[in-house]
Amino acid sequence: MPISKDKKQTLVADLTELLSSSKMTVYAKYQGLTVAELQELRANAREAGVKIKVTKNRLVRVAMGEIAVYKDTDTTNLVGQLLYAVSDNDEVAPAKVLANFAKEHEALEITGAFNDAGANLAPAEVNALAALPSKNELIGSVVAQLLSGINDSVSALSGGLSGIVSGLEAKASN
């Protein structure tokens with residue numbers, strides 16, 4: 001059953017709002033997934049703060065045409081049955097969600113992405129992004145690195161003077 005013109009305009013307006021606030025949009029072929037598997041994917045995406053949209057590619061093209069950043073973006077890869085994973089707060093989350101789901105479900109195939117600057121990303125680039133640690137993991141590792149010197153000093157001071165001497169010897173040998 002065809003979609004009415006009013007419904008299409010509403011969908012385009014929603015997509016325009018979603019894409020304009022998006023940091024990363026990853027698209028993938030989903031042909032062969034069951035409804036239950038799509039529901040599982042949506043649940044996984046919700047947990048990661050990612051929205052999954054299944055919509056006509058033509059409507060996505062129209063919405064992208066209304067956003068200044070995406071006017072010159074090449075949309076020739078938007079063919080076939082595609083789903084779109086969108087995140088407005090994390091650049092890596094959509095790629096991670098789809099890549100992790102694709103490991104268990106071979107029917108899902110990542111076909112590309114575009115970022116908030118309007119640049120197209122190839123599937124290999126999306127998979128490389130998915131392999132990166134999350135934003136919170138990166139922040140945690142930086143904080144741990146920054147605190148490691150303080151932790152060493154505190155441990156040395158709690159061990160008394162001999163701990164300070166052995167700590168300085170250990171630092172000098174490195």
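At a glance:
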| read-out | value |
| --- | --- |
| Filter result (of a type in the set (A, V, I, L, M) and under 27 Å from residue 139 (Cα atoms)) within the stretch 83-109 | 85, 86, 92, 93, 95, 97, 98, 99, 102 |
| Cβ pairs under 7 Å, 6+ apart, first in the stretch 124-139 and touching a residue at least 24 places away in the same chain (Cβ under 8 Å), second hydrophobic (A, V, I, L, M, F, W, C) and assigned to a helix (DSSP H, G or I) | 126/95; 127/99; 129/95; 130/95; 130/99 |
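Conditions tested, residue by residue: (1) within 12 Å of the chain's Cα centre (by Cα); (2) crowded, with 18+ Cβ neighbours inside 10 Å; (3) closer than 14 Å to residue 24 by Cα.
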{"position": "54", "(1), (2), (3)": "no, no, no"}
{"position": "74", "(1), (2), (3)": "no, no, no"}
{"position": "83", "(1), (2), (3)": "no, yes, yes"}
{"position": "92", "(1), (2), (3)": "yes, yes, yes"}
{"position": "100", "(1), (2), (3)": "yes, no, no"}
{"position": "145", "(1), (2), (3)": "no, no, no"}
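Taken together, the values in this text are just the output of simple stated rules run on the coordinates, not laboratory data. As the structure is a prediction and not an experimental result, all values here were calculated from the model. Cβ: placed from backbone, ideal geometry, glycine included. Neighbour counts: every protein chain shown.
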